[in-house]
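Every number here is computed from the coordinates shown, using simple stated rules; none is lab data. Note that the coordinates shown come from a computational prediction; the quantities given were computed from them, not determined experimentally. Here the Cβ positions follow ideal geometry from the backbone for every residue, glycine too, while neighbour counts run over all protein chains shown.
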Amino acid sequence: MTDIEGKVVVITGASSGLGEATARLLASRGAKVFLGARREENLKRIVGEIGENAGYAVVDVTSQAGVQAFVEAARERFGRIDVLVNNAGLMAIAPMSATQVDEWDRMIDINIKGVLYGIAAALPIFEEQGSGHFINISSVAGVKVFSPGGTVYSGTKFAVRAISEGLRHEVGGAIRVTTISPGAVDTELKQGTSHAEAAQGVNAFYEIAIPSDSVARAIAFAIAEPADVDVNEIVLRPTVQD
Ligand code: NDP
């Protein structure tokens, strides 16, 4: 029995990328995983491949009611929730002068408000259980500002770290809070950039990207630590990334 075996782990943004990789890795180590995202066909396929210790519900993290229903569905399926991984995210890189205000809104709604809605849904459950673990996905872009073009994305990821740290101060004790801040990871994330010139830069930058499993292993490490150890933050990146 490892410290992962039997734990119920709920993951947003699990239809691709590092959310999917995390679900697969944790399930292989005996966790029960509950996946959420908008693309149901992906969720159905991944859950089918993992087997009976996996479930899913379609969720758009920009809807508070939707996130509430998603978290409730997870608890209904597995009886409790040990970990919530707030992972869903969007990266739309563009210079501020392009004023892509709609994309600023979407990044704020998904990357910040989505995380807050996850906290709002799971915190009362964790308090009732007397235990729980939030894992919030920030970024190296939440540690330093990627400029030009990454200003708003970095702003959202700095916010995730700030919210995580504040949350830890408030609920620390029985409830753990971990921030994971990855560098370039090979996923669909780069497709979120619509600005043509910025997209070229993003694609060139991502040539150094490492596999999603690297982040999944970091998440597994934080979960597997004993309950009296709270891994507060892990920053990881390709060895060659600045
Ligand atoms: P992907 O694009 O592969 O995954 C993003 C996930 O978020 C998808 O499953 C997507 O599913 C989901 N998602 C997006 N919008 C919503 C929404 N409104 N509601 C619910 N789910 C949503 O990229 P990654 O795996 O790389 O991204 C995961 C996290 O990792 C993000 O927070 C990202 O910022 C962060 N990160 C990634 C890095 C990288 O280099 N890849 C580096 C640092 C951080 P669907 O479209 O089906 O809804």
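Compute a Gaussian network model of the chain, connecting alpha carbons closer than 10 Å, and tell me which residue from A88, A74, A162 fluctuates the most. Maximum among the listed residues: A162.
Under the simplified labelling scheme, the R29-R217 pair shows an inter-label distance of 1.1 nm, with each label point 7 Å from Cα along Cα→Cβ. Relative to the longest principal axis of the Cα atoms of the chain, the long axis of helix 64-78 lies at roughly 40 degrees. Note: relative contact order over region 8-236, using C-alpha pairs below 8 Å and six or more positions apart, is 21 percent. Under 5 Å from the amide H of A184 lies no amide H of any residue 5 or more positions distant or on a separate chain, with H modelled from the backbone and absent for Pro and chain starts. Rounded to the nearest Hz, the phi-derived 3J(HN,Hα) couplings of region 34-51 under the Karplus curve 6.51 cos²θ - 1.76 cosθ + 1.60 (θ = phi - 60°) are 10, 9, x, 4, 8, 7, 5, 5, 5, 4, 4, 5, 5, 5, x, 6, 6, x, where x marks glycine and proline. With contacts taken as Cα pairs under 8 Å and at least 6 residues apart, region 92-197 reaches a relative contact order of 37 percent.
About its Cα centre, how strong a charge dipole does the chain have in debye, to the nearest 20, once Lys and Arg get +1 and Asp and Glu get -1 at the Cβ? The calculated dipole for the chain is roughly 120 debye.
All Cα-Cα separations within region 8-236 were binned at 10 Å from zero, giving a P(r) of 8, 35, 38, 16, 3, each value a whole percent of the pairs.
Computing FRET efficiency as 1/(1 + (r/R0)^6) for M96 and Q191, where r is the C-beta to C-beta distance and R0 is 22 Å, gives about 0.55. Subtracting the Cα-Cα distance of S147 and D242 from their residue separation scaled by 0.36 nm leaves 32.9 nm. The label-point distance for E127 and Q68, in a model that sets each label 7 Å from Cα toward Cβ, rounds to 1.5 nm. Largest GNM mean-square fluctuation across V177, V143, V152, computed for the chain with C-alpha springs under 10 Å, falls on V143.
Region 178-223 and region 29-68 have Cα centres lying 21 Å from one another. Relative to a virtual label point 7 Å from the Cα of D3 in the Cα→beta-carbon direction, which members of region 168-199 show backbone nitrogen distances below 12 Å? Correct set: 176.
The HN-Hα couplings worked out from phi for region 92-100 by the Karplus form 6.51 cos²θ - 1.76 cosθ + 1.60 (θ = phi - 60°) are 10, 8, 5, x, 4, 5, 6, 6, 7 Hz, whole numbers, x standing for Gly and Pro. The Cβ shell under 10 Å around S214 holds other residues with a net charge of 0, Lys and Arg each +1, Asp and Glu each -1. Given springs between every Cα pair under 10 Å in a Gaussian network model of the chain, which of G118, G30, G142 has the largest fluctuation? With Cα springs under 10 Å in the chain, the top fluctuation among G118, G30, G142 is at G30.
In terms of other Cβ atoms within 10 Å, I108, I135, I11 run from fewest to most in the order I108, I135, I11.
The lysines within cross-link reach of K113, meaning a Cα-to-Cα straight distance under 25 Å and a gap of 8 or more places when in the same chain, are K144, K157, K190.
Counting every other Cβ atom within 10 Å of each residue's Cβ, H195, H169 order from fewest to most as H169, H195.
Database remark: amide H of F146 closer than 5 angstrom to the amide H of S154 (H placed geometrically; neighbours at sequence offset of 5 or more, or on other chains; Pro and chain starts carry no H).
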